[in-house]
Each structure stands twice: as C-alpha cells, then as structure tokens.
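A.B. asks: Pasting in a structure now, in structure tokens, and then I'll have a few things to ask.
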Amino acid sequence: MPVHHVRKCGEAPPLVIQAAYFWWGPAGGVKDETGRVISRAASGRIGPMATWVRGSGVKLSELGDGFRAFWQEYRFSTLTTLRPDNTPHVVPVGVTVDLDTATARVTCSRSSRKARNVLGAGPEGALVALCQVDGPRWSTLEGRAVLRDEPEAVADAVRRYTERYKPPRVNPERVVIEISITRVLGNA
C-alpha cells in the first residue's frame with residue numbers, strides 16, 4: 001500500500017494511510033528505502049511490512065475483510081495503560097472492536113489497575129494501546145479510553161464479549177474501558 005498522504009512538519013491531516021516498504025539488497029541484508037541495512041536475515045520478499053492509519057476520521061470498516069476477521073477471531077490481546085508514575089502497565093485482555101464506530105471495549109473490575117489507570121487520567125481519558133498478534137500477523141489499536149459504569153454500557157459490552165468469546169463470570173463490580181480508536185498499526 002503506497003503512502004496516500006505525505007505529512008509536512010506540524011500538519012495534522014484528518015486521515016493518514018502509510019505503508020512501510022523494504023527491499024532486500026544483493027548482499028542479503030534487509031534495507032529500508034534509504035538503503036540503510038536494518039537486518040542481515042534475507043527472506044526474499046518485497047512488499048509492505050506494516051500499515052499505519054490515524055486521525056479523527058479513522059474508518060476501521062474500510063480496512064478490509066482480513067482486518068475485520070482478525071479482530072473478530074477468538075484470540076486475546078494486550079492492553080497497555082500508564083500507571084500514575086508513567087510506567088506502562090501491560091495486561092492480557094479480551095477485547096471487542098466495533099469497526100463502524102471505531103470503538104474498542106474491555107470489561108474489567110472497577111478495582112483493577114487498568115481501570116484505575118484510565119480513571120486517574122481525568123475526564124479527557126487515558127492514552128492506551130491494544131495489541132493482538134497471531135504469528136506474523138499483528139495489529140495495534142491506539143486511542144483514548146474512558147471508564148463507563150452505566151448499566152446499559154456494561155450490558156452492551158458483556159453482550160459483545162459473549163459473542164466473541166464466551167459469557168464472562170458474574171462480576172457486580174464490572175465496568176467498561178471504552179476506547180475511541182485514533183490510530184491503527186499493523187499488517188493484519
């Protein structure tokens with residue numbers, strides 16, 4: 001996938017789609033587009049290694065059937081939040097992604113570290129990242145997370161979780177970390 005928008009310093013376009021292309025030199029080293037060797041392992045293929053999409057107009061539904069399937073298959077992800085001391089807190093989670101609204105949801109207990117990290121970021125929400133890997137396929141979703149505890153929001157998140165995984169255990173302290181996705185990275 002070629003670069004669809006070249007960004008000037010300080011410019012913030014509504015949507016950016018970029019692909020990283022690499023080629024393998026005659027000496028067998030992997031080189032980036034400037035010719036710098038970045039790996040000595042030769043794999044013999046040329047093409048996109050990763051794609052980035054970002055901006056307020058991110059439309060996940062336009063990233064194709066492969067992307068949709070990857071985020072609907074039964075697999076777990078990691079959620080990265082920041083602790084109060086700004087160190088990363090990375091935990092495995094079950095996540096559901098609504099491609100039409102670019103919203104991801106993670107359910108958890110109100111007292112969990114991830115919930116407290118999101119709540120502690122304030123009303124504007126916490127910057128978070130979700131990452132999912134399957135062999136060479138991977139995708140990271142970045143965005144702003146807020147904590148939702150309204151019964152309707154929790155019930156909706158539980159319904160979505162049940163569709164992708166299985167019914168979660170009963171938890172009267174369940175809340176939802178709702179993530180507005182603003183950036184996508186990956187090759188899935």
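Bear in mind that the values in this text are calculations on the coordinates, not laboratory data. The shown structure was predicted, so the numbers you read here are calculated from the model rather than taken from an experiment.
A.B. asks: Kindly write out, for the stretch 139-154 in residue order, the coupling ³J(HN,Hα) from the Karplus curve 6.51 cos²θ - 1.76 cosθ + 1.60 (θ = phi - 60°), rounded to whole Hz, with x marking Gly and Pro.
C.D. replies: With coefficients 6.51, -1.76 and 1.60, one gets 7, 10, 10, 10, x, 9, 10, 10, 9, 10, 10, 5, x, 5, 5, 5 Hz.
A.B. asks: Let me ask something additional. Please compute, over every Cα-Cα pair in the stretch 69-163, the percentage with a separation greater than 16 angstrom.
C.D. replies: Roughly 55 percent, rounded to a whole number.
A.B. asks: Could I ask something else about it? Please compute the Cα-Cα pair-distance distribution of the stretch 69-109 with 5 Å bins starting at 0, giving whole percents from short to long.
C.D. replies: Spelled out per bin, shortest first, that is 6, 19, 24, 23, 15, 8, 3, 0.
A.B. asks: So between Glu73 and Val91, what do we pick up on full extension, going 0.36 nm a residue minus the alpha carbon distance?
C.D. replies: 4.6 nm
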